[in-house]
Each structure stands twice: as C-alpha cells, then as structure tokens.
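A short write-up of the structure that comes next.
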Amino acid sequence: RDQWQGPLYVKGVLDPEDAARAVDQIGAQGVVVSNHGGRQLDRSLASIAALPAIAARLAGRGEIYLDGGVRRGADVVTALCLGAKGVFIGRPYLYGLAAGGEAGVAQVLEIFRGEMASTLVLMGCRSVAALDRSWVIPAAGSCPD
C-alpha cells in the first residue's frame, strides 16, 4: 500500500475477515468478491454465497463488487440486493465481443439492461437504488451469514 496511494481494491476475497483486513488494515477502498471462476480449487465457494457475510462484516466501511457466475440480469439484481455496489459481467461481455465485436457487446449490455428491468418490475421494485437484503429470501442453507 505504501507504493500506491491511489484507489485500491482487493480481488479474490471470499472470507469476511479477509475483507475487513483489506479495508481496515491495508486501507483498500473496497473488495471484489470473487473465486476467480473457481479454477484454482474445485468446489470453491461461489462468489454470490460469500457476498452476504462479507457485506455484513464490512457494514458500509468499503465498497463491495461481485465477480463470477453472473450470466443474467437477475444475477446482477440479486448481487445488488445482497450488498454489492456493482457487478462485473466479464464472460458475457467477452462472448458478445467474440460473436459481434462492438455491436455484440452493446447487445449483451442491452440484454442485461432489459433483464434487470424485467426483474425489477416482477419484484415490484422501482429502482436498483431501492435494492437491499429485504428483497431476497435465501433458501435454507444457501447463503451463509
């Protein structure tokens, strides 16, 4: 941290205590909850499953982003409900780029926008700004707190 005074985010965080150390001790502005696609360890905890406990542990002291497993607009809405400030959609974005270049990326973003809008309508929620944990009810045992 002594070598870089600019914004710092720690990616690859799945443990609430690691998230707290990154923000409170290292001085990071936030964390990216990510299992890096689960490639390093079979049966790694899914990013979305780790998110609620990390959001609870940080309690607004740092920004939280989610990366991994996001394939639809509803995934983005769920992550926002569980405490993410933003969500990375790298794989769908790259698929759109490979299939159609810039127009393919634009189409992927439009699909996500439409899916998010539909999800919000079905939930009865007016805006992503209104999303919080109260909008989701986790299945028993699926999202450890």
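FYI, it's all coordinate maths here, none of it is from the lab. Since the model is a prediction, treat every value here as computed from it, not as a measurement. Cβ atoms come from the backbone with ideal geometry, glycine included; neighbour counts cover every protein chain shown.
Arrange the peptides 105-113, 79-87 so that the one whose residues have, on average, the most other Cβ atoms within 10 Å appears first.
So the order, starting with the most tightly packed, is 79-87, 105-113.
For Ala129 and Glu110, compute 0.36 nm times the residue count separating them, minus their Cα-Cα distance, and round to one decimal in nm.
Value of the extension gain: 4.9 nm.
With angles folded into 0 to 90 degrees, how steeply does helix 90-123 sit against the dominant principal axis of the chain? Use alpha carbons for both and round to 10.
90
Rounded to the nearest 0.05, what FRET efficiency is calculated for Lys85 and Arg43 with R0 set to 30 Å and r the Cβ-Cβ distance?
My answer for the efficiency is 0.60.
Nearest 20 debye, what's the magnitude of the dipole of the chain about its Cα centre given +1 on Lys and Arg Cβ and -1 on Asp and Glu Cβ?
Here the size comes out at about 120 debye.
When ranked by the protection proxy of mean other Cβ atoms within 10 Å per residue, highest first, what sequence do the peptides 125-137, 4-16, 64-76 form?
64-76, 4-16, 125-137
Helix-derived [θ] at 222 nm for the chain: sum -39500 (n - 2.57) over DSSP H runs of at least 4, divide by residue count, nearest 500?
Computed ellipticity for the chain at 222 nm equals -14000 deg cm²/dmol.
Once you keep just the Cα pairs under 8 angstrom separated by 6 or more residues, what percentage relative contact order results for the chain?
20
Normalised by the number of residues in the range 19-89, what is the relative contact order in percent for Cα pairs under 8 Å and 6+ residues apart?
Here the relative contact order equals 32 percent.
How large is the convex hull of the Cα atoms of the range 3-145 per residue, expressed in Å³ as a whole number?
Here the figure is 138 Å³ per residue.
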